[in-house]
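In what follows, a single structure is set out as structure tokens and then discussed.
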Amino acid sequence: MRRAFEIMRRDLRLALRQGVDSLMAVVFFVLAVVLFPLGVGPEANILARIAAGVIWVAALLASMLSLERLFQTDYDDGSLELLALSPVALELVVLAKVVAHWLTTGVPLIVAAPVLAVLLDMDAQGFVVLIVALGLGTPTMSLIGSVGAALILGARRGGVLLSLLVLPLFIPVLIFGVAAVDAAIGGFAARPHLMILSGLLIGAVALCPWASAASLRQSLE
Amino acid sequence: MALAPGTLFTGHDLTCIRGERLVFAGLDFAIGAGDAVLLVGANGSGKSSLLRLMAGLLRPAGGAVRWGGESIAIDPEAHNARLHYVGHLDPVKAALTVAENLAFWARLGNGSGVVTEALKTFDSASLSDVPGRFLSAGQKRRANLARLAASEATLWLLDEPTTALDAAATSCLMKAIARHRAGGGMVAISTHVELALDGARRLDLDTFARQPDPVEAAP
Amino acid sequence: MLHRFANPTRFLRLSAALLPWTAGLTLILLIAGLFLALFGSPADYQQGETVRIMYVHVPAAWMALFCYSCMAGASAVGLIWKHPLADMAAKATAPIGTCFTFLALVTGSLWGKPMWGAWWVWDARLTSVLILFFLYLGYMALHNAFDDPTRGARSAAILALVGFVNVPIIKFSVDWWNTLHQPSSVVKAGGPAIHPSMLTPLLLMGLAFTTYYLWVLLLRLRAEIVAGKVRAVRLRRAHG
């Protein structure tokens, strides 16, 4: 456990030293959302109607883009071999790296989301649910994405491939994330949707590190 | 192969297939306390693959690698805790200083994270505060090798460790290996160049290369 | 050398014996099924003649799921027991499954035009099949993305298993999403209330598609084994 924290601390420190890299995800997120009013027009009622969906789709793409680097740099410089040869179970290594990745890219998305919701004129009733849903959804996406990031190591055209692999798997998170916010805005209970999102997160915590570790092992063979 | 008493680390009838190609078959090895084994052989004879088999990064297509009679696949984390592996790449992060890099790997192993002594072993004390991005290839290699001294591990698996090293650094490495063996440690080194290691055994991988297959060799 | 731990020779002999049977069975079932579907069954009182698209559409959708399950099963066998034939079967199944999925999508779209007045409707079933189509594409792309074919096979196998766990979750979420966004005005095709005169051709077509799958799978596996032998010869040339 102490060793897993060491890995997390190192990844956080690396992310802080190369601050711009982890900020790129949130910059992309903001930019993608800002494009929508330019695309569909500035009418407030249309924007308010699609706000939750736009924010979620942009968050999905932003977290997918940042995931490509999750294992790639460690794979390129040989660190991954040594991490796999450390006395820590590889599943735990994956979990530590995913947590560090989520703290540096997922959390900024959650912080930026309410600002974007204001820009899109989203109903204020949905704000809290939006933050909670993103809080449950972004770690799930990081976990699912870690499997994809591990699978593409050493592949040609890794980036495009990653989107093809993980975006279909993100769909349940997207559906329930948007449904939760829409329910809150419409005056219905958002709780059932949030419960399902929590269920997805628990399932991802249980299964994804295992699948990622299996793909990492075979990528190192 | 008859095993001498005290032999801890053994391989039995190992078969290795890489990219659909049989690299070697029927390979046995035995390494005891204080032993050093030099892996020699032509390009593609499987020196690196054998080291990766020994580390457990690669699973053998046939045969087993054992520590004290127990297959290393049973408890890989325990095996990891007793080995140092130095591969072709030097995992030195550009954004971290040499000392930070080393301290991380030491704490991940069995070390305390105090790394000044380890850096001195490889004449790298002056590099301590230099970020990884400013290092030359040889300096990176020295920073990587310093891991050997920064935390305790019985088994050293070194894949061409002298690449990019100058004569002084090579002799530092040889001294470190001698000290390690004197303390009962084991070393397996793959190499293209002659290394001055007293009493090291040679394992020539060309002898285990695939014998021509009469069926497939026929036109 | 590739097949040191498998026995492709026996498979080649067995598959050679099975090939004419699967081919013949496919043809007979397909002719019988198509005849009953096009001439031997009544037109639907609501949908008219367009209901006949169902006899291709529904079995194709079955096969899309069936092939994915086979692919995941073969991948699991390949990962656990490292049996090369299982890896090849998974690889060979993917394009067949993709074709069935594509067929289901196209026939669904053709059916949708007269039924719903639009080429594409975000119906829960069609959407799920569309996502399945992307899962297949991802599998094949990953399989081909590596220079080392064993690497590609293992990565793709892990992806197939991850996808297999996810398919029910995706299906569930899409159903949920659909009921949320669309009042269920969609005409229910099939269902348990289907008349035997329609059920018989449907089942016949389903069987025909299954034997067709087996037939093509055997053909592809044989081709794959021969390709493996060619690779082995090339490797021998490179490495002496």
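The values are calculated or read from the model by the stated rules, or taken from the named source; none is laboratory data. Note that the structure is predicted; figures quoted are calculated from it, not measured. Here the Cβ is made from the backbone with ideal geometry for all residues, glycine too, and neighbour counts use every protein chain on show. Heads up: the accessible areas ignore ligands, DNA and RNA and are worked out on the full protein's heavy atoms, side chains in. Shrake-Rupley method; radii C 1.70, N 1.55, O 1.52, S 1.80 Å.
Just a few scattered comments:
- Condition met for B:V98 (within 19 Å of A:D74 (Cβ to Cβ), away from every other protein chain (no Cβ under 12 Å), of a type in the set (A, V, I, L, M, F, W, C) and open to solvent by less than 60 Å² (accessible area, probe 1.4 Å)): yes
Quick grid of which residues meet (1) over 13 Å from the mean Cα position of the chain (by Cα); (2) under 26 Å from C:A227 (Cα atoms):
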| site | (1), (2) |
| --- | --- |
| C:F39 | yes, no |
| C:V51 | yes, no |
| C:H57 | no, no |
| C:I96 | no, yes |
| C:G117 | yes, no |
| C:W122 | yes, no |
| C:G138 | yes, yes |
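- The range B:109-132: number of residues that are hydrophobic (A, V, I, L, M, F, W, C) and in contact (Cβ under 8 Å) with a residue 40 or more places away in the chain: 1
- Within the range B:63-88, considering residues that are among the β-branched types (V, I, T) and under 19 Å from B:L14 (Cβ atoms), the one most open to solvent (accessible area, probe 1.4 Å): B:I74
- Selection status of B:L3, of a type outside the set (K, R), within 28 Å of B:G199 (Cβ to Cβ) and at pLDDT 90 or above: no
- First in the range A:18-29 and within 14 Å of another protein chain (Cβ to nearest Cβ), second anywhere and among the hydrophobic types (A, V, I, L, M, F, W, C), Cβ under 8 Å, 6 or more apart: A:Q18/B:A95; A:D21/A:A15; A:S22/A:A15
- Residue satisfying all of: in the range A:30-44; on the phi < 0 side of the Ramachandran plot and without any contact (Cβ under 8 Å) to a residue 40 or more places away in the chain; most open to solvent (accessible area, probe 1.4 Å) among these: A:L38
- Failed item, numbered, when B:L155 is tested on (1) in contact with a Lys or Arg (Cβ under 8 Å, 6 or more places away or on another chain); (2) at pLDDT 90 or above; (3) over 25 Å from B:G32 (Cβ atoms): (3)
- Test for C:A64: is it farther than 24 Å from C:H195 by Cα and in a helix (DSSP H, G or I): yes
- Residue check for B:V92: within 13 Å of chain A (Cβ to nearest Cβ), over 19 Å from B:K175 (Cα atoms) and either in contact with a strand residue (DSSP E or B) (Cβ under 9 Å, 6 or more places away or on another chain) or open to solvent by less than 40 Å² (accessible area, probe 1.4 Å) (or both): yes
- Any hit, the range A:3-17, residues being assigned to a helix (DSSP H, G or I), among the aromatic types (F, W, Y) and either within 14 Å of chain B (Cβ to nearest Cβ) or open to solvent by 90 Å² or more (accessible area, probe 1.4 Å) (or both): yes
- Only one of the numbered conditions (1) part of a loop (DSSP other than H, G, I, E, B); (2) modelled with pLDDT under 90; (3) open to solvent by less than 30 Å² (accessible area, probe 1.4 Å) is violated by B:L57, and that is (2).
- The lone exception for C:V77 - which of (1) under 30 Å from B:I17 (Cα atoms); (2) surrounded by 14 or more Cβ atoms within 10 Å (Cβ to Cβ); (3) out of contact with any His (no Cβ under 8 Å at 6 or more places or on another chain) it fails: (3)
- Within the range B:18-41, being on the phi < 0 side of the Ramachandran plot, assigned to a loop (DSSP other than H, G, I, E, B) and more than 18 Å from the chain's Cα centre (by Cα) holds for no residue.
- B:L89 outside any loop (DSSP other than H, G, I, E, B) and under 30 Å from B:G46 (Cα atoms): no
- Close contacts from the range C:215-240, counting a first residue that is more than 9 Å from every other protein chain (Cβ to nearest Cβ) and a second that is charged (D, E, K, R) and crowded, with 17+ Cβ neighbours inside 10 Å, with Cβ to Cβ under 9 Å and a gap of 6+ residues or different chains, come to C:R220/C:K91; C:E224/C:K91.
- A:I196 surrounded by fewer than 24 Cβ atoms within 10 Å (Cβ to Cβ) and either away from chain C (no Cβ under 11 Å) or not in a loop (DSSP other than H, G, I, E, B) (or both): yes
- Within the range B:22-60, being more than 30 Å from A:A214 (Cβ to Cβ), away from every other protein chain (no Cβ under 11 Å) and among the polar types (S, T, N, Q) holds for no residue.
- Residue that is modelled with the lowest pLDDT [pool: residues in the range C:5-35 that are within 14 Å of chain B (Cβ to nearest Cβ) and surrounded by fewer than 14 Cβ atoms within 10 Å (Cβ to Cβ)]: C:F5
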